[in-house]
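The values are calculated or read from the model by the stated rules, or taken from the named source; none is laboratory data. These numbers were taken from a predicted model, which means no experiment stands behind them. When we count neighbours, we look across all protein chains shown, and the Cβ atoms used for this are built from the backbone with ideal geometry, even at glycine. Quick note on the areas: whole protein, heavy atoms, side chains included, nothing else; ligands and nucleic acids left out. Shrake-Rupley method; radii C 1.70, N 1.55, O 1.52, S 1.80 Å.
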Amino acid sequence: MSSMQVMFNPKTIALIGATEKKGAVGRTIFENLLRSKERRIFPINPHIDRILDLESYPTITSVPEHVDLAIVATPARLVPGVVEECGQAGVEGVVIISAGFKEIGDEGTQLESEIDRIRKKYGMHIMGPNCVGFVRPPLDLNATFLRGKPPSGNIAFISQSGALGSAIVDWAVSAGIGFSMFASLGSMIDIDFGDMIDFLGDDPATRSILIYMEGVGNARKFMSAARAFAHSKPIIILKPGRFAESARAAHSHTGAMAGDDAVYEAAFRRAGIVRVGEIAELFDAAEVLDSKRLPAGPKLAMVTSAGGPGVMATDALIHLGGELAELSEESMKQLNAFLPPYWSKANPVDLLGDATIDRFIKALTICLDDPTVNGVLVIYIPMDAAPSTQLAQAVADIAKKTFKPVIATWMGAEDVKEGRRIFVENSIPSYNTPEEAVRTYVNMCRYKRHLDQLYETPEEYPPHKAPLKDHLKEILRIALKEGRTLLNEEESKDFLMTYRIPVTMVQVAQNPEDAIGLAEKMGYPVVIKVVSPDISHKSDVGGVIMGIDSSEVLKEAYGKLMQSMKKRAPDAAIAGVAVEKMVIDVDYELILGAKKDKDFGSVILFGMGGTTAEFIKDFSIGLPPLNQTLAKMLMQDTRVYKMLQGFRGKPAADFEGIEEILVNFSNLIVDFPEIAEIDINPLAIANGKATALDARIIIDRNYNAANQSPYSHLIITPYPTRYTTPWQLSDGTPVLLRAIRPEDEPAEYEMLSSLSRETLRTRFFSVFKNISHEWLILFCNIDYDRHMAIVAEIKENGKKIMIGVARLIMNQDLTAGEVAILVHDKFQGKQLGRKFVEMLIGIARERGLVEIRADVLTENENMLKVFKRLGFSTHWVPGGTSEAVLKLKE
């Protein structure tokens, strides 16, 4: 059990600052703790012998038992000394309720720094300071000074603000909402949102995680934890504030457009998090998004006993981007068979004012059975023919039997109160108005669609060699030596060309013959500006100023120039000097850029470009690294995406080409932490193809490679190419060992589906047949900070085949890891298992883990022998398994 698990499920608790003084925080906390009958509570106060009939101790070190959790409610100046004593006593976790730290200025900040130093010295966890504490209603544990007792439920609520968090809990309790946990994090000196998501992600009592966030804290830890659990437990965030400070200091279009709040929005989307704008919406979303009955699509059917509410619901649905289902001919036939002849004959299905329970249920069943319908809204207004309570129970009974979502609007007050209670008991979302219900359905659709997109298996691009970057590093070094942080256009475009991003270069030639020579030297699209005596005028097209010459000589030279360029770059967008017009006929102007955000590091911006980019503000933001799926999502999140499909007679853009440019651009950002801001504006689309007409790169003067890791500018760890290793099986078969990628899902499916029953049983301890996409994404779409998987790949008849995979899954504290090895039947006994274990040991040592372990069927003697030979100790455990453990640090 980790120290955080001990802290949040303590057997022994000490309250430092306990008192009998009425109204004091120390007394309220003590009284709350005493209500937990299964725990030993120790009051600590050097001035009192007994507190509320319990013996009081002068210090925590004098408590006769080991203390799992210490709660500190003393003046701020005493807290560092108290924390030192907690460390000496071996306490796993400390909650510091005390205020008076960084919120009061420099003196308080120094106190926090001292507390943090002591925490690291002893390896404790600390919540706070200046926090309310935490409550775990299912465990009957209240470690706060809240007066009320939140009821038990399956929603966890984490708040950065103690006061607002307490108010929200009060509101939720009055609304009948129960909690698996409430925690107030305060200053987050240690325990932050990432830690809490990690803990709650493994908590069986928690189905949804709600967060009130003012600032993210450790963004890398937060994103890692959220990405690990958002696909299985909805994470819903209420974050106020629309800040623009960082945009004011920007030196590029990208920097000015990508403000703080837009970056937060992008980070939440990348992690699969739902962001809401109101407190009520926070709990509404929690109620429905954890449902296993998320809609497969946006098409909603409505069953109502009154036409007016049906019209209101339809208006809201269309306004919010949902779709009204068009009922099938078979459904219409069935409805016509029992409904009065003057029913609505369409969706919404108006059952009329005399609708009975039987009429409601038949219509609901028909709609749910219709393949064109993704979900059903039942709207009820109190009528004698269909009593509220009995109808609610009948709807609940039907809803339990379907995978399609059923939501309800029970309009009224006392008459429908009992019906709403039935819906709550049966986990059916119910609302007072049709608009609220429709908003919930649309949110469910968006959540489902976003998760599907986020975990869509990316297409695999043809392999490319890593670009040679030394000359680019030299460009940066020289610029800084010259006192420049802004690279010129030629230098900036050199970066783009190196990363296979098409560019248009402007070169100056004295005469047409020189122009031809320049073109022949260059392997990329080029605009040749010929300086000639008879230049008649100039033209500004696509941001590039071209001289236009009227001489017949230039016409001939231009023709030869184009021939030469097309041979060298037949698929590229070609630019050149023409007599009457530019060869580049720009269809669309885009912007592609990146900047460093103060919380989330380097981020990528894509959208409508040109000189009006900042005015139009049609853009989306993504976090590198990007793959094909994420690049496509980045484009789809903009309005210009629809325009790129063909607009006013202009051809559609080459979307695959733009996706590849985005991925290559992401690789550039990953490789160069020295870049503070970069703009490609415009990224022009001509005849469907993209080319960069203009580019600028701004260097981060504060970046110091000697003092920072290569990926300190990223909050999502990129693909670890350092683990790519050519190797051979014992029979000489060449094997490539490398880290797994989301693109490997089809190969992993083929491997798993072709394993023998025996191999499945020895690896997974059971035999299974259903290998779903949802299951495979857990294996292939991983966070390399906390989970490493090494695949073995061979080639057969030119096709890549996965023949094995080894995994190292690290615990929440990133101090230990669990190892699992799988080798395909055809390749067992060829030393691959041993090689896998050796690699995982090396990775574990690199990550600084204390130990690694593996669970192995005791009958799997060959694998146990491998572990023993590599230094693992093994011992038998009940259930027919053995545990293999390797200590990496004492």
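Of all residues in the range 323-377, which are among the aromatic types (Phe, Trp, Tyr), within 25 Å of ASN432 (Cα to Cα) and either in a helix (DSSP H, G or I) or open to solvent by 40 Å² or more (accessible area, probe 1.4 Å) (or both)? Within the range 323-377, PHE360 is the sole residue that qualifies. Residues of the range 609-621 that are more than 21 Å from HIS713 (Cβ to Cβ), buried (at least 23 other Cβ atoms within 10 Å of the Cβ) and modelled with pLDDT of 85 or more: GLY609 alone.
All of PRO467, PRO458, PRO463, PRO533 fail the test of being modelled with pLDDT of 85 or more, outside any helix (DSSP H, G or I) and not hydrophobic (A, V, I, L, M, F, W, C), apart from PRO458.
For the range 681-699, which positions are out of contact with any helix residue (DSSP H, G or I) (no Cβ under 7 Å at 6 or more places or on another chain) and at pLDDT 95 or above? ILE698, the sole residue that qualifies. So, in the range 678-712, how many residues would count as being surrounded by 23 or more Cβ atoms within 10 Å (Cβ to Cβ) and outside any strand (DSSP E or B)? Result for the range 678-712: 1. Only one entry in LYS448, LYS469 is closer than 25 Å to PRO348 by Cα, out of contact with any Cys (no Cβ under 9 Å at 6 or more places or on another chain) and surrounded by fewer than 20 Cβ atoms within 10 Å (Cβ to Cβ), namely LYS448. Quick check, is MET196 assigned to a strand (DSSP E or B), within 28 Å of the chain's Cα centre (by Cα) and buried (at least 21 other Cβ atoms within 10 Å of the Cβ)? Here the answer is no, as MET196 does not meet what is asked. I'd like to know if the range 865-885 contains one or more residues that are open to solvent by less than 10 Å² (accessible area, probe 1.4 Å) and within 29 Å of the chain's Cα centre (by Cα). The answer is no, given that none of the residues of the range 865-885 is open to solvent by less than 10 Å² (accessible area, probe 1.4 Å) and within 29 Å of the chain's Cα centre (by Cα).
For the range 728-747, a residue qualifies if it is farther than 22 Å from THR717 by Cα and open to solvent by less than 20 Å² (accessible area, probe 1.4 Å), and the qualifying residues are LEU729, VAL735. Please determine, by comparing only the residues of the range 424-441 that are in a helix (DSSP H, G or I) and in contact with a helix residue (DSSP H, G or I) (Cβ under 6 Å, 6 or more places away or on another chain), which one is nearest to GLY307 (Cα to Cα). In this case the residue turns out to be PRO434.
In the range 622-640, the qualifying residues are those that are surrounded by 20 or more Cβ atoms within 10 Å (Cβ to Cβ) and over 17 Å from the mean Cα position of the chain (by Cα), and the one that is farthest from MET223 (Cα to Cα) is VAL640. Output the number of the condition that GLY133 fails; it satisfies all remaining conditions of (1) surrounded by fewer than 22 Cβ atoms within 10 Å (Cβ to Cβ); (2) modelled with pLDDT of 95 or more; (3) under 30 Å from the mean Cα position of the chain (by Cα); (4) among the small types (Gly, Ala, Ser). So GLY133 meets the others, but not (1).
Within the range 206-225, being among the aliphatic types (A, V, I, L, M) and farther than 12 Å from ASP785 by Cβ holds for ILE209, LEU210, ILE211, MET213, VAL216, ALA219.
Only a single criterion out of (1) at pLDDT 90 or above; (2) within 22 Å of ALA316 (Cα to Cα); (3) buried (at least 18 other Cβ atoms within 10 Å of the Cβ) is not satisfied by ALA396, namely (2). Considering the conditions (1) buried (at least 22 other Cβ atoms within 10 Å of the Cβ); (2) in contact with a strand residue (DSSP E or B) (Cβ under 7 Å, 6 or more places away or on another chain), PRO138 is excluded by exactly one of them, (1). So, GLU851, is that one at pLDDT below 95 and more than 23 Å from THR724 (Cβ to Cβ) or not? In short, no.
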